[in-house]
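*Asks:* Mind having a look at this structure? Questions to follow.
The values are calculated or read from the model by the stated rules, or taken from the named source; none is laboratory data. Keep in mind that this is a model prediction, so the values were computed, not measured. Virtual Cβ from ideal backbone geometry, glycine too; neighbours counted across all protein chains shown. All accessible areas refer to the heavy atoms of the entire protein, side chains included, with ligands and DNA or RNA removed. Shrake-Rupley method; radii C 1.70, N 1.55, O 1.52, S 1.80 Å.
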Amino acid sequence: MDAPSLRPPRNRVERRAIGWWTLQSSVFALPLPLVFGVLHLFVPPARPFFGWALLISLVPGLAYMAVMPVWRYRVHRWETTDEAVYAASGWLWQRWRIVPLSRIQTVDTHRGPLQQLFGLSGITVTTACSSGAVKIKGIDHRTAREVVEHLTTSTQATPGDAT
């Protein structure tokens, strides 16, 4: 059997991942502008400074919240076949990964509070390789469960040594 080749995965993550990533980015992008906004309201002598600080911190944060989630959605893809797991991720730094089933050691799911709010899950496929695990983020919770079951069954039936 030929080794699987690196190619773009076929499946997109769920469209709901855009909302999840937007909410995540707001936790990063909005606290500083909020602090400057409160200070602008309650410290009259420094209003000009805090007004500018609010504007300077808010504009890049809003741009990040608008661009990053959509860009990630366009990049993130995944696929499982009878031979391998394919994943593409990132937004500025993009990464394509392929893991032959014979190299898989563990398959895990994860659902943080925000993922649960959006009905999403993530899958982590761990190998013996030192380059790290393959992570598929932003897929439907039921789909993730089915993929984990499929990979667990397939890897048990696949000859090879995942050490």
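*Asks:* Using θ = phi - 60° and the Karplus relation 6.51 cos²θ - 1.76 cosθ + 1.60, list the HN-Hα couplings for the stretch 30-43 in order, rounded to whole Hz, with x at every Gly or Pro.
*Replies:* Values, residue by residue: 9, x, 4, x, 5, 4, 4, x, 5, 5, 4, 6, 9, 10 Hz.
*Asks:* Additional query: Roll a 1.4 angstrom probe over the protein heavy atoms and tell me the percent of accessible area of the chain that is carbon or sulfur. Please report the intermediate quantities before stating the final value.
*Replies:* On the way: 5930 of 9660 Å².
Result for the chain: 61 percent of the exposed heavy-atom area is carbon or sulfur.
*Asks:* Using a Förster distance of 25 Å, how high is the FRET efficiency between Thr153 and Gln94, based on the Cβ-Cβ distance and rounded to 0.05?
*Replies:* Details: r = 30 Å, r/R0 = 1.22.
Between Thr153 and Gln94 the formula returns 0.25.
*Asks:* Only residues of the stretch 40-77 count here: report those whose backbone N is under 13 Å from the spot 7 Å along Cα→Cβ of Ser26, or say none.
*Replies:* Within reach of a label on Ser26, which here means backbone N under 13 Å from a point 7 Å along Cα→Cβ, the stretch 40-77 contributes 62, 65-66.
*Asks:* So what is the relative contact order for the stretch 56-163, in percent, with contacts set as C-alpha pairs under 8 Å and at least six apart?
*Replies:* Values: 158 pairs, mean separation 23.7, N = 108.
Relative contact order comes out at 22 percent.
*Asks:* Could you list the chymotrypsin sites (Phe, Trp or Tyr not before Pro) in the stretch 56-139 that lie in coil according to DSSP, counting only those with at most 13 other Cβ atoms within 10 Å of their Cβ?
*Replies:* Numbers: sites: Tyr64, Trp71, Tyr73, Trp78, Tyr86, Trp91, Trp93, Trp96, Phe118; in loops: Trp91, Trp93.
Here the sparse-neighbourhood loop sites are Trp93.
*Asks:* Which value, in debye to the nearest 20, describes the size of the charge dipole of the stretch 78-163 about its Cα centre when Lys and Arg Cβ atoms bear +1, Asp and Glu Cβ atoms bear -1, and nothing else is charged? Show your work: numbers first, answer last.
*Replies:* Working: 8 positive and 8 negative charges, 74 e Å.
My answer is approximately 360 debye.
*Asks:* State log₁₀ I(q)/I(0) for the chain at q = 0.12, 0.16 Å⁻¹ as given by the Debye formula over alpha-carbon point scatterers of equal weight, solvent excluded.
*Replies:* -0.62, -0.90
*Asks:* A further question follows. For Gln105, what residues show an amide H to amide H distance below 5 Å, using hydrogens built from the backbone and excluding near sequence neighbours?
*Replies:* Result for Gln105 returns Thr126, Thr127, Ala128.
*Asks:* Suppose each label sits 7 Å from its Cα in the direction of the beta carbon; what would the Asp108-Arg145 distance come out to in nanometres?
*Replies:* In this crude spin-label approximation the distance works out to 2.1 nm.
*Asks:* Right, another one. Quick one: what Rg and Dmax do you get for the stretch 67-130 from the alpha carbons, in Å?
*Replies:* 13.2, 37
*Asks:* Right, here's the next one. Can you tell me the accessible area per residue over the chain, all protein chains present, probe 1.4 angstrom, in square angstrom? If you can, show how the numbers build up before the last one.
*Replies:* Working: 9660 Å² over 163 residues.
Heavy-atom accessible area per residue stands at 59 Å².
*Asks:* Also: Across 5 Å bins from the origin, how do the percents of Cα pairs in the stretch 99-151 run, short distances first?
*Replies:* Pairs per bin, as whole percents: 5, 22, 29, 20, 14, 7, 2.
*Asks:* Same structure, new question: Once you keep just the Cα pairs under 8 angstrom separated by 6 or more residues, what percentage relative contact order results for the stretch 1-122? Provide the component values of the computation, followed by the final result.
*Replies:* Working: 153 pairs, mean separation 38.6, N = 122.
This gives 32 percent for the stretch 1-122.
*Asks:* Now for a separate question. May I ask you to rank Ile56, Ile123 by accessible area, largest first, using a 1.4 Å probe over the protein chains only? Numbers along the way, then the final one.
*Replies:* Working: Ile56 115, Ile123 0 Å².
These residues rank, largest area first, as Ile56, Ile123.
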